[in-house]
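As structure tokens, the structure follows; a few thoughts come after it.
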Amino acid sequence: MGTNEVTEVTQEAVENANEFVRYFQDHIPSLIGFGIKVVIALIAFLVGRILIKWVRKLVRTSLERSEADKGVEQFVDSVLKAGLYILLIFTIAAKLGVDTTSVAALVASGGVAIGLALQGSLSNFAGGVLILLLKPFTVGDYIIEDSNGNEGTVKEIQIFYTKLSTIDNKTIVIPNGMLTNNSLTNATAKDERRLDLKVDISYHADLRKAKDIIENLLKKDDCILKDEEIVVFVDELAASAVIIGARAWVKSEDFWPTKWRLLEEIKLTLDARGIEIPYQQVTVHMSQQEK
């Protein structure tokens with residue numbers, strides 16, 4: 001590269017730098033103004049967050065005083081949070097000079113596409129509204145989602161999802177649309193729940209004695225509702241055992257502790273009274289042929 005070419009490149013670089021400096025100097029007021037707007041927008045966002053938290057707290061307190069359902073409280077809080085943040089961001093954008101009319105027109109023109117893209121979310125939102133209106137379950141109920149077998153205690157009903165807590169303290173998140181479009185079982189919808197037990201005894205055991213033992217254990221248990229029917233019966237004559245069935249009623253919250261306790265007491269009592277509980281086994285009889 002010759003001296004003239006180097007000189008031309010250097011002069012071009014200097015001219016570009018000077019042009020940038022002149023552009024920067026000419027637009028310093030605009031840049032300062034935009035920077036001030038950004039700082040004001042950040043301050044407005046922080047203040048807006050505080051106000052949103054205050055409004056949400058006020059609404060939650062009002063709902064608690066009105067003794068509204070816990071699910072309604074959670075759902076309204078979720079909707080209020082989303083709506084207020086959208087309003088806050090839209091307001092800040094308008095203050096920064098964004099043409100909100102154009103944005104609104106763009107959103108309106110793309111409404112069909114947005115609706116198709118958010119079809120699943122809208123379905124879940126509608127499902128959440130239906131859950132709150134029809135109340136197939138409420139917060140605190142133990143439900144079983146029949147399609148996939150998910151089950152647990154309802155902890156939260158949000159805009160799009162419902163959260164369940166399992167017995168082993170796992171969290172299951174199920175879309176509201178799935179809960180409204182499929183069948184489910186609410187195990188705690190009623191105050192009382194029927195307790196069904198099955199006990200196998202040997203064919204050689206005293207059947208009447210075994211039935212009396214089981215019935216007495218049911219009647220002595222404090223959690224069994226004595227004003228409801230208590231039934232002990234022969235449920236099935238199986239291949240290797242006589243299956244005794246027992247039915248009684250308990251409070252829904254006492255169902256599992258009572259079932260576990262009674263099964264243990266029945267096993268120990270039958271063992272102590274000499275009544276055999278058989279297990280699966282195969283007896284093979286071999287005939288000896290004379291040689």
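Going by how many other beta carbons lie within 10 Å of each one, how would you line up 233, 125, 75, fewest first?
On the way: 233 10, 125 18, 75 22.
With the sparsest Cβ surroundings first, the list reads 233, 125, 75.
What does the charge count near residue 83 come to, summing +1 for each Lys or Arg and -1 for each Asp or Glu among other residues with Cβ under 12 Å from its Cβ?
Working: positive: 56, 81; negative: 77.
Neighbour charge sum, excluding residue 83 itself: +1.
Determine how many Å³ per residue the convex hull of the Cα atoms of the stretch 109-234 encloses. All intermediate terms of the calculation are to be shown ahead of the outcome.
Working: hull volume 19.3 nm³, N = 126.
Roughly 153 Å³ of hull volume per residue.
Return the ratio Rg/(2.2 N^0.38 Å) for the stretch 192-272, where Rg is computed over Cα atoms only.
Details: Rg = 12.4 Å, N = 81, 2.2 N^0.38 = 11.7 Å.
Working it through for the stretch 192-272, the quotient is 1.06.
Arrange the following residues from fewest to most other Cβ atoms within 10 Å of their Cβ: 219, 251.
In order of increasing Cβ crowding within 10 Å: 219, 251.
Check which residues have an amide H placed less than 5 Å from residue 150's amide H, if you skip close sequence neighbours.
Those qualifying (amide H under 5 Å, at least 5 residues apart or on another chain) are 145.
Set the Förster distance to 25 Å, then compute FRET efficiency between residue 190 and residue 243 from the Cβ-Cβ distance, nearest 0.05. Could the numbers behind the result be given before it?
On the way: r = 27 Å, r/R0 = 1.08.
After rounding, the FRET efficiency stands at 0.40.
So what J values fall out for the stretch 141-154 if you push phi through Karplus, 6.51 cos²θ - 1.76 cosθ + 1.60 with θ = phi - 60°, rounded to Hz, Gly and Pro as x?
Couplings: 6, 9, 10, 10, 7, 5, 5, 10, x, 6, 8, x, 8, 5 Hz.
For the pairs 155/259; 70/226; 198/219, note any where the Cα-Cα span goes beyond 21 Å.
Details: 155/259 24 Å; 70/226 33 Å; 198/219 16 Å.
Those over the limit are 155/259; 70/226.
Among 90, 160, what is the fewest-to-most ranking by other Cβ atoms within 10 Å? Walk me through the intermediate numbers first.
Numbers: 90 13, 160 18.
Least crowded to most crowded, the residues run 90, 160.
Which net charge results when you count Lys and Arg as +1 and Asp and Glu as -1 among the other residues whose beta-carbon is under 13 Å from that of residue 203? Intermediate values should be presented prior to the final figure.
On the way: positive: none; negative: 200, 206, 236, 276.
Once positives and negatives cancel, what remains is -4.
The numbers here are math on the coordinates, done by the rules we state, and not lab data. Everything numeric in this text was worked out from a predicted model, so none of it was measured. Glycine also receives a Cβ, built like all others from the backbone with ideal geometry; neighbour counts cover every protein chain displayed.
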